[in-house]
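The values are calculated or read from the model by the stated rules, or taken from the named source; none is laboratory data. Since this is a predicted model, take the numbers as computed values, not measurements. As a convention, Cβ positions derive from the backbone with ideal geometry for all residues, glycine included, and neighbour counts pool all protein chains shown.
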Amino acid sequence: MDLFTNPQEKIRELTDNINRHNYNYYVLANPTISDYEFDMLLKELEALESQYPQFRLPDSPTLRVGGQITKEFPAFVHIRPMLSLGNSYSEEDLKDFDTQCTKLAEGRTFSYHLEHKFDGVSMSLHYEKGLLIRAVTRGDGVQGDEVTANVKTIRTVPLRLKGKSIPDFVEVRGEVMMLRTEFDKWNEERALNGEDRLMNPRNATAGSLKLQNSEEVAKRPLTFFAYQIATDEVNALTDFENVEKFKEWGFKTSGNQALCKNMEDVLGYIHQWEQKRYALEYDIDGIVIKVNEIAMRDFMGYTAKAPRWAIAFKYPAEKATTEIDYINFQVGRTGKVTPVANLKPVLLAGTVVKRASIHNADEIERLGLHTGDTVYIEKGGEIIPKITGVVLEKRLPDSQPVAFITNCPDCGATLVRPEKEVNFFCPNEQACPPQIKGKIEHFSHRKAMNIDGLGTEIISQLVDKNLIRNYGDLYSLQYESLVKLEKFGDLSARNLLKALENSKQIPFDRVLFALGIRHVGAVAAKKLARHFGSLEAIREATAETLTNVKDVGETMANTIVAFFLEEENVLILENLKKAGLCFRQDIEEDTANTMTDDSLAGKSFVISGVFAHASREAIKEKIESRGGEVKSGITKKVTYLLAGNDAGPSKVEKAKELGVTIISEEELLKMLQ
Ligand code: IVH
């Protein structure tokens with residue numbers, strides 16, 4: 001910013017600019033600047049906002065990154081109830097609906113507006129003078145939860161409506177979703193971090209919206225499709241025109257709606273999408289058929305539960321029956337054992353299905369599976385088809401109930417089922433081939449040690465030929481043994497050795513992640529690396545000191561401690577250290593990379609009272625931007641009570657009682673300098 005620009009104006013300009021680029025990128029899928037340029041604009045705005053917090057605008061794109069913590073989502077009674085829709089499953093049902101509508105219309109003409117029935121989580125958005133002021137979940141239809149901070153992180157939800165005709169108040173309803181590819185990518189990342197995969201985009205969306213930390217929500221690939229204006233005064237003459245309005249205001253719409261004059265057209269559209277829906281980038285579970293003319297809707301009215309002018313057509317879940325060939329049990333990197341049914345190939349929802357996961361032992365029991373059973377398989381929102389039942393009439397006379405194995409199919413160890421777990425595990429972590437291979441694969445992953453050329457097949461050969469027993473042995477591999485591998489030659493061997501050598505430059509936090517300690521994902525590894533500075537310090541930490549790190553819970557702390565207690569791991573780590581891997585956080589590199597100031601890291605604050613120089617929110621942000629934490633209640637673990645004017649007497653008292661240092665605003669400012 002040059003000296004002559006007014007900061008308030010500059011903030012407005014940047015806000016508008018960034019919001020426009022956001023819209024181009026996420027709604028139009030047509031970015032006009034590079035990611036780098038975008039980041040620079042955002043950084044500039046962030047810097048200005050932290051310098052002039054009083055000028056931060058309510059539609060600031062910096063809200064998209066979240067940061068607000070919500071302990072409990074307040075209930076909100078909907079202005080008008082969010083009704084459900086009647087369901088229909090056949091042409092017959094639809095014809096009945098049409099007859100009913102025609103009767104209700106009393107001779108007047110009307111048409112139908114058809115849309116995909118988005119399979120996500122419905123959401124009501126309130127805009128006042130064009131600004132998003134509130135987002136409420138459907139709840140029980142009468143009242144829902146206010147999840148505004150979380151919804152503000154969704155890039156396709158406009159924070160301020162665009163266009164000319166902005167109403168004083170409008171309620172826009174629609175569906176929050178995850179696109180299939182984005183969900184898959186995100187699920188992959190979860191798996192990589194040792195977290196469980198989520199079933200389908202809908203569950204993942206619902207879970208995301210309930211997270212207490214909006215910064216976490218911001219990382220989820222959520223999107224929003226608008227489908228209804230729920231404010232009478234604002235509606236256009238037809239629903240179809242409302243969609244135009246959505247586009248003008250900056251919403252994303254699916255672009256796949258249709259206007260139908262009669263039932264024949266309606267059925268045509270339904271048939272058209274029956275198979276095509278599998279190629280969509282989002283999940284739908286049917287088609288919504290709505291009367292298009294808004295005045296006609298009012299005329300037709302409502303039942304207690306649903307509008308009389310709309311109905312949902314549900315596509316039958318694609319079902320098929322097929323025979324189980326055999327069941328095998330797969331062992332993953334963490335030792336988890338998953339039963340998989342191998343099926344006689346069958347066509348289902350556009351793809352040939354040969355396998356279905358049965359999840360765990362409980363599921364085998366629930367289904368009552370026998371060997372050779374003919375089963376029903378279904379593809380709902382899930383990617384992997386599931387077995388939903390057994391065709392008992394086709395059960396073979398000599399079949400036996402499927403028993404869960406007691407020993408590991410790969411190494412023979414006796415399986416264990418930890419308390420409260422639905423899964424069986426192979427405890428032979430260090431010697432069970434799929435676990436060893438899985439761990440090495442994780443170690444060499446692009447996001448961990450990034451060892452190019454060390455794919456699944458090569459790892460398999462290396463382990464099977466006893467050339468390595470764990471990732472600690474990788475660095476002593478010799479050229480002579482590598483060239484002898486199948487499908488490997490001089491060049492591949494050299495390249496792999498080079499990649500191994502290069503990986504010694506990988507920073508400590510990624511090395512820590514590469515170790516594959518259960519529950520320690522890439523983000524947690526970064527936090528641990530920063531907090532402790534070296535592997536030695538983490539190794540010496542107790543479960544209690546580990547939980548002092550933000551986002552490290554008891555489970556993770558315990559697995560970390562257990563990891564370092566394992567003698568074999570200690571030996572592996574020694575090998576890695578000898579090989580020259582980075583076991584220490586390079587402070588300079590860390591700060592240069594992130595340009596952050598962590599001077600308050602490890603310190604926690606409780607803020608109470610009113611302050612002369614900044615709002616509480618601004619102070620909180622300042623503290624957090626320096627790595628400090630802001631808590632709501634005084635406990636022994638809190639470092640400082642920041643007391644302004646009229647600080648709560650009970651807080652001051654408790655701080656004194658527990659020996660928590662009380663500081664003033666001036667003292668905090670000094671610390672920040
Ligand atoms: S119009 C009654 N259009 O379906 C209100 N609803 O079963 C009229 N839904 O909870 C709603 N896609 O969240 C409408 N294109 C669409 C929709 C849609 C999904 C959901 C909606 C509602 C449920 C009703």
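Residues in the stretch 272-306 that are within 19 Å of S254 (Cα to Cα), within 14 Å of the ligand (Cβ to nearest atom) and polar (S, T, N, Q): N292 alone.
Among the residues making up the stretch 344-355, those that are assigned to a strand (DSSP E or B), surrounded by 14 or more Cβ atoms within 10 Å (Cβ to Cβ), of a type in the set (A, V, I, L, M, F, W, C) and within 30 Å of the chain's Cα centre (by Cα) are L348, V353. Sub-8 Å Cβ pairs linking a first residue in the stretch 479-506 that is surrounded by fewer than 14 Cβ atoms within 10 Å (Cβ to Cβ) to a second residue that is in a helix (DSSP H, G or I), at least 6 apart or interchain, are Y479/A493; Y479/R494; Y479/L497; E486/Q461; K487/E457; G489/V483; D490/V483, ordered by first then second residue.
In the stretch 608-625, the residues that are buried (at least 16 other Cβ atoms within 10 Å of the Cβ) form Cβ pairs under 8 Å with partners that are of a type in the set (K, R), at six or more places apart or across chains, as follows: S608/K651; A614/K622. Any residue at all in the stretch 23-46 that's surrounded by 14 or more Cβ atoms within 10 Å (Cβ to Cβ), in contact with a strand residue (DSSP E or B) (Cβ under 8 Å, 6 or more places away or on another chain), among the aromatic types (F, W, Y) and under 21 Å from G250 (Cα atoms)? Scanning the stretch 23-46 turns up at least one residue that is surrounded by 14 or more Cβ atoms within 10 Å (Cβ to Cβ), in contact with a strand residue (DSSP E or B) (Cβ under 8 Å, 6 or more places away or on another chain), among the aromatic types (F, W, Y) and under 21 Å from G250 (Cα atoms).
Taken together, the criteria place R202 among residues that are within 16 Å of the ligand (Cβ to nearest atom), surrounded by 17 or more Cβ atoms within 10 Å (Cβ to Cβ) and over 24 Å from L63 (Cβ atoms).
Would you check if there is a residue in the stretch 369-389 being free of Cβ contacts under 8 Å to residues at least 24 places away in the same chain, surrounded by 13 or more Cβ atoms within 10 Å (Cβ to Cβ) and away from the ligand (no atom under 16 Å from the Cβ)? The answer is yes, given that some residue of the stretch 369-389 is free of Cβ contacts under 8 Å to residues at least 24 places away in the same chain, surrounded by 13 or more Cβ atoms within 10 Å (Cβ to Cβ) and away from the ligand (no atom under 16 Å from the Cβ). The condition (being among the aromatic types (F, W, Y) and farther than 24 Å from D473 by Cα) is satisfied by just one residue among F488, F532: F532.
Taking the condition more than 30 Å from L192 (Cβ to Cβ), under 27 Å from the mean Cα position of the chain (by Cα) and at pLDDT 95 or above, does G286 pass? It would help to see each step written out before you state the result.
Numbers: more than 30 Å from L192 (Cβ to Cβ): yes; under 27 Å from the mean Cα position of the chain (by Cα): yes; at pLDDT 95 or above: no.
So G286 fails the test.
Within the stretch 287-314, residues that are within 26 Å of Q272 (Cα to Cα) sit with their Cβ atoms under 6 Å from residues that are within 11 Å of the ligand (Cβ to nearest atom) and assigned to a helix (DSSP H, G or I), at 6+ positions apart or across chains, in these pairs: K290/D239; V291/R297; N292/D239; W309/R297.
Tell me yes or no: at least one residue of the stretch 69-79 is within 24 Å of T205 (Cβ to Cβ), within 15 Å of the ligand (Cβ to nearest atom) and touching a residue at least 12 places away in the same chain (Cβ under 8 Å). Yes, some residue in the stretch 69-79 is within 24 Å of T205 (Cβ to Cβ), within 15 Å of the ligand (Cβ to nearest atom) and touching a residue at least 12 places away in the same chain (Cβ under 8 Å).
The requirement of being among the acidic types (D, E) and surrounded by 15 or more Cβ atoms within 10 Å (Cβ to Cβ) is not satisfied by D464.
Just checking, which of T153, T102 is of a type outside the set (A, V, I, L, M, F, W, C), away from the ligand (no atom under 16 Å from the Cβ) and crowded, with 19+ Cβ neighbours inside 10 Å?
Result: T153 is the single residue among T153, T102 that is of a type outside the set (A, V, I, L, M, F, W, C), away from the ligand (no atom under 16 Å from the Cβ) and crowded, with 19+ Cβ neighbours inside 10 Å.
So which residues in the stretch 211-240 are assigned to a helix (DSSP H, G or I), away from the ligand (no atom under 15 Å from the Cβ) and more than 14 Å from the chain's Cα centre (by Cα), if there are any at all? Within the stretch 211-240, E233, V234 meet the criteria.
Of all residue pairs spaced 6 or more apart or on separate chains, those with beta-carbon atoms under 7 Å, a first member in the stretch 118-130 that is in a loop (DSSP other than H, G, I, E, B) and a second member that is of a type in the set (K, R) and more than 8 Å from the ligand (Cβ to nearest atom) are D119/R202; G120/R202; G130/R160.
Screening the stretch 316-343 for residues that are in contact with an Asp or Glu (Cβ under 6 Å, 6 or more places away or on another chain) and within 25 Å of I270 (Cβ to Cβ) and picking the one that is surrounded by the fewest Cβ atoms within 10 Å (Cβ to Cβ) gives A317. The residue list T555, T545 contains one member that is surrounded by fewer than 14 Cβ atoms within 10 Å (Cβ to Cβ) and of a type in the set (S, T, N, Q), which is T555. Between G255, G207, the distinction of being without any contact (Cβ under 8 Å) to a residue 40 or more places away in the chain, at positive phi and not in a strand (DSSP E or B) belongs to G255 only. Here is the figure for the stretch 533-565: residues that are over 27 Å from N187 (Cβ atoms) and in contact (Cβ under 8 Å) with a residue 24 or more places away in the chain total 8.
Give the residue that is surrounded by the fewest Cβ atoms within 10 Å (Cβ to Cβ), with candidates limited to residues of the stretch 112-138 that are among the small types (G, A, S) and either within 16 Å of the ligand (Cβ to nearest atom) or modelled with pLDDT under 95 (or both). Looking at residues that are among the small types (G, A, S) and either within 16 Å of the ligand (Cβ to nearest atom) or modelled with pLDDT under 95 (or both), I get S122.
Here is the figure for the stretch 258-277: residues that are in a helix (DSSP H, G or I) and either of a type in the set (A, V, I, L, M, F, W, C) or surrounded by 15 or more Cβ atoms within 10 Å (Cβ to Cβ) (or both) total 8.
Pairs meeting the criteria (first residue in the stretch 166-179 and away from the ligand (no atom under 14 Å from the Cβ) and assigned to a strand (DSSP E or B), second residue polar (S, T, N, Q) and modelled with pLDDT under 95, beta carbons under 6 Å, at least 6 apart or on different chains) are V170/T231.
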